[in-house]
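Input: a single structure, listed below in structure tokens.
The values are calculated or read from the model by the stated rules, or taken from the named source; none is laboratory data. Worth saying up front: this structure is predicted, and the values here are computed from it rather than measured. Here the Cβ positions follow ideal geometry from the backbone for every residue, glycine too, while neighbour counts run over all protein chains shown. Surface accessibility is based on the protein's heavy atoms, side chains included, excluding ligands, DNA and RNA. Shrake-Rupley method; radii C 1.70, N 1.55, O 1.52, S 1.80 Å.
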Amino acid sequence: MNKKNIILAAINQKNSNYSESIYRSIQDDFKDYNIIKEWGDNFNKTKPSSDNILCIVMHGNREVPVMKSRFEFLDGVCDNVWCAMGSPIKGWMLCDRNGYSGASSIAKDHSLLKIKDVSDEDALIMHEHLLNKFKKRNISKYKQPVFANFKHDPFILFLGQVAGDSVVNFSNFLAPKNMSMGTRRKPPVKKDIPTGYMNTMLTALSIMDKFDIPIIYKPNPCENQDQNSTINNLINLPMFDNVSIVSDVSIHELLPLSKAAVTINSGAGFEALIHLKPVVTLGRADYSASTYECKDIEDIKNSKQFINAPVDELRIKKFLYAYLNRAHKTPTELIKKIIS
């Protein structure tokens, strides 16, 4: 009897580090299968076969335009293609047919989480575990500064992202092409994602600056693009009355002092939920079942009421349990779950 094939695929020929680490971690657990590497020299080389029972695309996202041709190829190779990615916090992996962040199934259908079915006890135990693992130990996706006894009046924490990150595709406030005032050329059809990030952040900051609540903007530790620099520069000029930048304080020191967190869909928004803060999202996110998602300008204006309203802490705790109950702690656990 021929061994069945499990295909591990990277999203492009060079982006293979994550796929390679998964490959190394599962070899001993899946000796009864052929593990096929679909990256590097093997990129776009796998042949269609009835023995291809599973294809996992590391950090794949069907709704990110640059990945379209990649999925067209993989769908032709295997009938069972899944996207896999790390969760917003360390220690869990997620899988989804369509992708991650705003493309995921739970971003579109919150009922899939079954939050109401989570018991109070399970929710409380999970939340206590998350506090002990992340907040008290100062652990985040990126290394954080040590606690520095930061003090500030209550503020809104704006969580920055890398301007060109593919998840910015899911912003609800991408750069409006129709606002180009020139008369000689038509606006390009293709979305400029980094510029869309800048438009989103500046739009929200301009409106929330009038809330009479201090705003702290925390840049993403990995930001490296002109649009990120432009936002930082405008805040430092200053362009706003109530906005300042803090980049050298741990997110776990800032969040307890904040009134709320605002982001497009950064994983740090999920960390804000661990701190039981109201979270305002400016785009689609896989944790938006527990946030106030702004879909237009009026939503941003009305978010002040959400920020100032009492927090339903138990519901957030139930959401955290329901979300992580769909996740997996190891690649082996994830693959076995899909196969079964």
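At-a-glance table
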item	result
Residue-normalised accessible area of the chain, expressed per residue, 1.4 Å probe, Å²	50 Å²
Segment 1-138 - charge dipole about Cα centre, Lys and Arg +1 at Cβ, Asp and Glu -1, debye rounded to 20	460 debye
Average Cα contact separation per residue, segment 161-295, under 8 Å, 6 or more apart, as relative contact order %	25 percent
Bridge type composition, segment 55-142 - antiparallel percent by DSSP, nearest 5	50 percent
Surface share of carbon and sulfur [accessible, 1.4 angstrom probe, percent] for segment 17-132	49 percent
The chain, relative contact order in percent, only Cα pairs under 8 angstrom and at least six apart counted	20 percent
Estimated FRET transfer efficiency (D241, N44; beta-carbon r; R0 35 Å; 0.05)	0.10
Entries in K116/K301; K116/K259; K31/K336; K4/K47 that, when Cα-Cα distance is taken, lie over 19 Å	K116/K301; K116/K259
Segment 13-109 - share of DSSP beta bridges that are antiparallel (%, nearest 5)	50 percent
Largest-first ordering by accessible area, 1.4 Å probe, given options D248, D241	D241, D248
Between segment 179-250 and segment 115-145, the alpha-carbon center distance in angstrom	30 Å
Mean shadow area of the chain over all directions, Cα convex hull, nm²	19.8 nm²
Among 213-221, 63-71, 167-175, the order from most to least packed when residues are scored by Cβ within 10 Å on average	167-175, 213-221, 63-71
Cα-centred dipole magnitude for segment 91-170, charges only on beta-carbon of K, R (+1) and D, E (-1), debye, nearest 20	360 debye
Among N98, L174, F155 - extreme Cα towards positive end, dipole of segment 91-221, charges at beta-carbon	L174
Protection proxy ranking of 117-130, 319-332 - average other beta-carbon atoms within 10 Å, highest first	319-332, 117-130
Local electrostatic count, A260, Cβ distance below 11 Å [Lys/Arg +1, Asp/Glu -1]	+3
Free-standing Cys residues across the chain, given no other cysteine C-beta under 4.7 angstrom	C83, C95, C222, C294
Selection from G76, N61, I139 lying farthest towards where the dipole of segment 1-148 points positive, charges on Cβ	I139
The chain - share of DSSP beta bridges that are antiparallel (%, nearest 5)	15 percent
Computed label-point distance, nm, for sites K151 and H129 using a 7 Å Cα→Cβ extension	3.8 nm
Debye, to nearest 20: dipole size of the chain, +1 on Lys, Arg Cβ, -1 on Asp, Glu Cβ	540 debye
Dipole of the chain, positive end: most advanced residue of L124, S111, P331 [Cβ charges, Cα centre]	P331
Relative compactness, segment 144-214, computed as alpha-carbon Rg over 2.2 N^0.38 Å	1.49
Order by protection proxy (mean Cβ within 10 Å, highest first), peptides 256-267, 224-235	256-267, 224-235
In Å², nearest 10: area of W39 left accessible to a 1.4 Å probe	20 Å²
Apportionment of accessible area to carbon and sulfur, segment 137-184, percent (1.4 Å)	54 percent
